[in-house]
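Notes for the one structure printed next.
The values are calculated or read from the model by the stated rules, or taken from the named source; none is laboratory data. Everything numeric here is computed off the predicted structure, so don't read it as measured data. Counting neighbours? That spans all protein chains shown, and the Cβs are built from the backbone with ideal geometry, glycine included.
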Amino acid sequence: MQKDTNAILETLVCTVDSESCMKGVCSKCKTRGIVYEKNNRERIVPLRQWVRKSEVVEKGGKKIKISKNVPVTENHTIQEVIKKFENELMNFRTHVYNIRHQYKAYRQCIYGLTGTEVALHIDFSENYACKYHSEVQSHHFGSRNQVTLHTAVMYNYSTETQSIEVTSYCTVSSNQNHGPSAIWAHLHPILSEVKNKHPVVTTVHFFSDGPATQYKEKINFYLMANRFFENYEFRKISWNFFESWHGKGAADGVGGTLKRQADAIVARGADIADAYEFFSTLQDVSKIKLFMVTDEDIENVAKTIPSKITPLKGTMQVHQMFTETRGILNYRILSCFCERFCSCHGPKTYQPTLPDTEDIANQKSSYEEDEPNLGTEDFSLADITNKIGMPSKRFYDIVYYSPSESSDEDQPLVTYITKDSINPPVVSGTSYQTLQPQDIHPNKIEDGVYVLVKVRSERNVLYTYAGVVKSTVDEEGDVLVMFLKTIDDSGRLFRLVENDLSDVPFDDLIEILPTPRVVRKGRRQFLEFEKPLPVFEK
């Protein structure tokens, strides 16, 4: 029997380059299988595999929950191992085919570029840890400033040299946000330069890996369908995702080069203490073009994002999105550049947003009024004493097993709502009726669903927060949640805290909430629920 997985695949299919063969639908090879020895099927053997596990660790004096991949060895019979292998084999075949196909499409796109196209291969490099030439020992442990590096390699066809030209970029920021708003803030100076230096370019092809909280995410889909056309006046866009765990490429080399150059400069006696010093030190000595991205740049992008964006079902199977129509995206399971914007692989249509959400910029929001304004007489609040300010740390991390709570100061908003208003009459057919806790099922948890989350502290104080789900339930039973923050005492008006993401156990989800409406005050954007939520924030 073959021990190499690639050799095994070659025995099972006509050719590893055929999609129908690799996905098990070819009439000639779909019945092929592996022949196993029949002896000793009940013998116990050790099986070592990587699994994702959650654990509680102490960090900064607080206990927080983290998830990580660890190798685990378990004992199984040979028959059980064969069954596990066969169950994973078809997924592996599809995975291998997707890897090869996406890299083939990548090369096809670049080698086929015309004078009106550019290709951008982008990636977040691992953050650079700032250094001083001479440091005290204690500075090494947790005191270093981090610099975010977003790297890009641009390919364009030069009509003068009749060849493909390559340009390397890196955008630098002290902001640790790697979400969609940060991505487009980092892309802005690069796309602006493309438009200025190559005015004939009408089409941009993006290539990236597919992390669910960065590039392959509904907010990024919205921005590529709208901001790309609004701000840069390009006509066509395609965004291509490499297969999971196989997105390494030229962009990774850009980050590595810059970090080596920075370390060499520090070794010669200079200090790089923050992002600005990293930028100013390297921009004149590196052939890589550098741009600085500020917190304000990221915030300006975030202000343009509506809260209600329709999630794309089956996002993780998508490998290409493309469009030439603002607001609408075409997507398919694999990339294709045979005719650039072709109909191969059965592309489907996706619209990230419906018609514009209600804008109440001219209305005075309740958080600015002298008296609480709940917008309805069904709910009344007593004298409010627990108005919440902005936290300096993530809500979930502040509360989770924190040894420093003060329960005397923590009062849930719901305790101030009159008894009659806690259980308002149910209006038949309303879309704002919440599902009861017993109705929660993992199949209902997906990107874009609003939930109420419970967090129990070390002192056994139970806090509740509102949040929006950013992932499905993973193998460990965890859900990625982005938290909301109350901005007044009504329990109805919240703002999205984009950098507050935490893995939450599915069992800690209390209920599914109705989708709030988007309200705006000037350039600020908030979420408003029809009924007050029983939030209990620390």
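Listed by first and then second residue, the pairs with beta-carbon distance under 9 Å, at least 6 apart or on different chains, first residue in segment 88-99 and under 15 Å from Ser18 (Cβ atoms), second of a type in the set (S, T, N, Q) and assigned to a helix (DSSP H, G or I), are Val96/Thr5; Val96/Asn6. For Lys38, the requirement of being of a type outside the set (A, V, I, L, M) and in contact with an Asp or Glu (Cβ under 7 Å, 6 or more places away or on another chain) is not met. For residues in segment 327-344 being of a type in the set (S, T, N, Q) and modelled with pLDDT of 95 or more, which is surrounded by the fewest Cβ atoms within 10 Å (Cβ to Cβ)? The qualifying residue surrounded by the fewest Cβ atoms within 10 Å (Cβ to Cβ) is Asn330.
Against the list (1) surrounded by fewer than 16 Cβ atoms within 10 Å (Cβ to Cβ); (2) assigned to a loop (DSSP other than H, G, I, E, B); (3) over 22 Å from the mean Cα position of the chain (by Cα); (4) at negative phi, the condition Phe234 fails is (1). Scan segment 95-108 residue by residue and report those that are farther than 15 Å from Gly249 by Cα and among the hydrophobic types (A, V, I, L, M, F, W, C). Val96 - this is the single residue of segment 95-108 that is farther than 15 Å from Gly249 by Cα and among the hydrophobic types (A, V, I, L, M, F, W, C). The test for being in a strand (DSSP E or B), assigned by TED's automatic domain parsing to the domain that holds Asn443 and surrounded by fewer than 20 Cβ atoms within 10 Å (Cβ to Cβ) does not hold for Val479.
Looking only at segment 489-507, count every residue that is basic (Lys, Arg), out of contact with any Pro (no Cβ under 6 Å at 6 or more places or on another chain) and more than 27 Å from Ala182 (Cβ to Cβ) and tell me the total. Selection size over segment 489-507: 0.
Tallying residues that are surrounded by 10 or more Cβ atoms within 10 Å (Cβ to Cβ) and within 35 Å of the chain's Cα centre (by Cα) within segment 25-48 yields 2. If you check Val96 against the conditions, is it outside any helix (DSSP H, G or I), over 28 Å from Thr202 (Cα atoms) and β-branched (Val, Ile, Thr)? For Val96, the condition - outside any helix (DSSP H, G or I), over 28 Å from Thr202 (Cα atoms) and β-branched (Val, Ile, Thr) - is not met.
If you go through segment 88-117 and keep only what is within 25 Å of the chain's Cα centre (by Cα) and over 23 Å from Gly256 (Cβ atoms), you end up with Asn91, Phe92, Thr94, His95, Val96, Tyr97, Asn98, Arg100, His101, Ala105.
Here Lys308 does not qualify as within 17 Å of Phe241 (Cα to Cα) and either at pLDDT below 90 or not assigned by TED's automatic domain parsing to the domain that holds Phe242 (or both). Residue count for segment 1-22 satisfying the condition of being at pLDDT below 90 and not in a helix (DSSP H, G or I): 4. With respect to being of a type in the set (Val, Ile, Thr) and either assigned by TED's automatic domain parsing to the domain that holds Val301 or more than 23 Å from Thr353 (Cβ to Cβ) (or both), Val473 fits the description.
Please verify whether segment 8-24 includes one or more residues that are in contact (Cβ under 8 Å) with a residue 12 or more places away in the chain, under 34 Å from the mean Cα position of the chain (by Cα) and exposed (fewer than 10 other Cβ atoms within 10 Å of the Cβ). Checked segment 8-24: no residue is in contact (Cβ under 8 Å) with a residue 12 or more places away in the chain, under 34 Å from the mean Cα position of the chain (by Cα) and exposed (fewer than 10 other Cβ atoms within 10 Å of the Cβ).
Within segment 211-231, being in a loop (DSSP other than H, G, I, E, B) and crowded, with 21+ Cβ neighbours inside 10 Å holds for Tyr215, Lys216, Glu217. With respect to being without any contact (Cβ under 8 Å) to a residue 60 or more places away in the chain and crowded, with 20+ Cβ neighbours inside 10 Å, Asn196 falls outside the description.
Quick grid of which residues meet (1) more than 18 Å from Phe279 (Cβ to Cβ); (2) assigned by TED's automatic domain parsing to the domain that holds Trp184; (3) at pLDDT below 95; (4) out of contact with any strand residue (DSSP E or B) (no Cβ under 7 Å at 6 or more places or on another chain):
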| position | (1), (2), (3), (4) |
| --- | --- |
| Leu120 | yes, yes, no, no |
| Glu126 | no, yes, yes, yes |
| Ala129 | no, yes, yes, no |
| His150 | no, yes, no, no |
| Tyr155 | yes, yes, no, no |
| Ser158 | yes, yes, yes, no |
| Thr161 | yes, yes, yes, yes |
| Ile164 | yes, yes, no, no |
| Ser168 | no, yes, no, no |
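Name the residues in segment 231-240 that are touching a residue at least 60 places away in the same chain (Cβ under 8 Å) and among the charged types (D, E, K, R), would you? Scanning segment 231-240 gives Arg235, Lys236. In this structure, Phe221 does satisfy being under 16 Å from Val301 (Cα atoms) and among the aromatic types (Phe, Trp, Tyr). Cβ-Cβ contacts under 9 Å between residues 6 or more apart (or on different chains), taken from a first residue in segment 509-532 that is farther than 14 Å from Leu484 by Cβ to a second residue that is among the basic types (Lys, Arg) and crowded, with 20+ Cβ neighbours inside 10 Å, are listed as Glu530/Arg492; Lys531/Arg492.
Name every residue in segment 64-89 that is of a type outside the set (D, E, K, R) and modelled with pLDDT of 90 or more, in order of residue number.
Scanning segment 64-89 gives Pro71, Val72, Thr73, Asn75, His76, Thr77, Ile78, Gln79, Val81, Ile82, Phe85, Leu89.
Of the listed requirements (1) within 27 Å of Cys338 (Cα to Cα); (2) touching a Phe, Trp or Tyr at 6+ places or on another chain (Cβ under 8 Å), Gln162 misses just one: (2). Keeping to segment 208-230, report how many residues are farther than 17 Å from Ala152 by Cβ and without any contact (Cβ under 8 Å) to a residue 60 or more places away in the chain. The qualifying residues number 0. Determine whether segment 508-517 contains at least one residue that is of a type in the set (S, T, N, Q) and buried (at least 20 other Cβ atoms within 10 Å of the Cβ). Looking through segment 508-517, none of the residues is of a type in the set (S, T, N, Q) and buried (at least 20 other Cβ atoms within 10 Å of the Cβ).
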